[in-house]
Amino acid sequence: MPKEKINSKIVEGTYDQQANVFAARAPGLLWWETVGIPAYDRHLHGFYHRSDIKVLDFGTGSARLPQHLTTHGIPAENITGVELSEELVRIAKKNIPGATFIHGDITKVRLPPNYFDLITSNMVFEFLDENGLEQALTNAHKSLKPKGIILFITTHPDKMKTDSGLDTPGPFETTFPWGEKGPNYYRTLTDFTLASRKAGFEIEQIEELGIPPEAEKIDPKEYARYAAYPYIRLVVKARKP
């Protein structure tokens, strides 16, 4: 039986409508400050303060992650972001004028082969169905240099399964941290690793991350919501041989 699909036009429309709300809220979200930023810093410190690094950010949104990378010495002109929402591309260009932002679909966009040293993706692959994830990872593999790294963070599958009630991979509707609703796709941790290996990557590290106790002092209410789950985010780091 074929897996259910997510319509990319629906995702694009959702984020076009929510672009301004997302851009305003995303940089200050509790999970981003206490889980996301520390995870990227742990895994990417070897790329920091290097002017030769070429970075591609899949699903760049309002350029939240590229902005963080520039604070660690990666030149804006060395960063390319691909984003499905035209409204978010417009915002990203204002946030980092020196970077390159492409309005496009990460499963289809044409990129220079063997060009990038690092590909990042933050909370994006959960919007892709089975075929979309395969295409995006294949696209990433082609555009990375040999020995290049892909690092992505997504909602942890166990949290998604609890929220969605699904027992098998498939789409469901989720409520975003800023209160709006939109489509998501539940898949297992094994599904992520198998898809990465199928695209030609070698898995270097997988991390399952919960909300840290110190986050309670920042936002007790939001902390309590996240603390209900053993893990809230999944980190996958892989290398192109």
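Please identify the chymotrypsin sites (Phe, Trp or Tyr not before Pro) of region 150-224 that satisfy two criteria: DSSP loop assignment and at most 15 other Cβ atoms within 10 Å. Which are they?
Values: sites: Phe152, Phe172, Trp178, Tyr185, Tyr186, Phe192, Phe201, Tyr223; in loops: Trp178, Phe201.
For chymotrypsin sites (Phe, Trp or Tyr not before Pro) across region 150-224 that sit outside H, G, I, E and B with at most 15 neighbouring Cβ atoms in 10 Å, the list reads Trp178.
Select from region 25-100 those chymotrypsin sites (Phe, Trp or Tyr not before Pro) which occupy a DSSP coil region and have at most 16 other Cβ atoms within 10 Å, ordered by residue number. Spell out each step's value before the answer.
Numbers: sites: Trp31, Trp32, Tyr40, Phe47, Tyr48, Phe58; in loops: Tyr48.
When the chymotrypsin sites (Phe, Trp or Tyr not before Pro) of region 25-100 are filtered for loop state and at most 16 Cβ neighbours within 10 Å, Tyr48 remain.
Given charges of +1 on the Cβ of Lys and Arg and -1 on the Cβ of Asp and Glu, with all other atoms neutral, how large is the dipole of the chain about its Cα centre, in debye to the nearest 20? Write out the running numbers ahead of the final one.
On the way: 29 positive and 31 negative charges, 125 e Å.
Computed about the Cα centre, the dipole is about 600 debye.
Lysines within cross-link reach of Lys93: Cα-Cα under 17 Å, excluding same-chain residues under 8 positions apart?
Result set, ordered by chain and number: empty.
Find, among the trypsin sites (Lys or Arg not before Pro) in region 61-113, those assigned to loop by DSSP (not H, G, I, E, B) with at most 14 other beta-carbon atoms within 10 angstrom. Display every interim value, and only then the final one.
On the way: sites: Arg64, Arg90, Lys93, Lys94, Lys108, Arg110; in loops: Lys108, Arg110.
Those satisfying the criteria are Lys108, Arg110.
Averaging sequence separations of C-alpha pairs under 8 Å and six or more residues apart, then dividing by the length of region 8-239, give the relative contact order as a whole percent. Walk me through the intermediate numbers first.
Details: 417 pairs, mean separation 43.7, N = 232.
Contact order relative to length: 19 percent.
Using the structure shown, select from Lys181/Lys221; Lys5/Lys237; Lys108/Lys198; Lys54/Lys237 the pairs with a Cα to Cα distance greater than 22 angstrom.
Values: Lys181/Lys221 20 Å; Lys5/Lys237 26 Å; Lys108/Lys198 18 Å; Lys54/Lys237 17 Å.
Correct reply: Lys5/Lys237.
Quick one: which residues, 5+ away or cross-chain, put their amide H under 5 Å from the amide H of Phe176? H built at 1.01 Å from N.
Under 5 Å from the amide H of Phe176 lie the amide H atoms of Lys181, Gly182, each far enough along the sequence or on another chain.
Determine the distance separating the Cα centre of region 171-241 from the Cα centre of region 88-104; give it in Å without decimals.
Here the two parts' Cα centres lie 25 Å apart.
First measure r as the distance between the Cβ atoms of Lys108 and Arg225, then evaluate 1/(1 + (r/R0)^6) with R0 = 30 Å and state the FRET efficiency to the nearest 0.05. Please list the in-between numbers first.
Working: r = 35 Å, r/R0 = 1.17.
That gives a FRET efficiency of 0.30.
For Asn131 paired with Asp191, estimate the spin-label separation in nm (one decimal), with each label point 7 Å from Cα along the Cα-to-Cβ line.
Distance between label points: 1.6 nm.
Percent antiparallel among DSSP beta bridges with both residues in region 8-239, to the nearest 5? Intermediate results must be reported in sequence, preceding the final value.
On the way: 20 of 38 bridges.
About 55 percent, rounded to the nearest 5.
What 222 nm value per residue comes from the helices of the chain, counting each DSSP H run with n ≥ 4 as -39,500 (n - 2.57) and dividing by all residues, nearest 500 deg cm²/dmol? Walk me through the numbers before you get to the answer.
Details: 8 runs with 83 residues, N = 241.
Calculated at 222 nm, the ellipticity per residue is -10000 deg cm²/dmol.
Can you tell me how much longer the chain between Tyr48 and Ser164 gets when fully stretched, taken as 0.36 nm per residue apart minus their C-alpha distance, in nm with one decimal?
Numbers: separation 116, 0.36 × 116 = 41.76 nm, distance 3.72 nm.
Gain on extension, Tyr48 to Ser164, equals 38.0 nm.
Taken together, the values in this text are just the output of simple stated rules run on the coordinates, not laboratory data. As the structure is a prediction and not an experimental result, all values here were calculated from the model. A quick note on method: Cβ atoms are made from the backbone with ideal geometry, for glycine too, and the neighbour counts reach across all protein chains shown.
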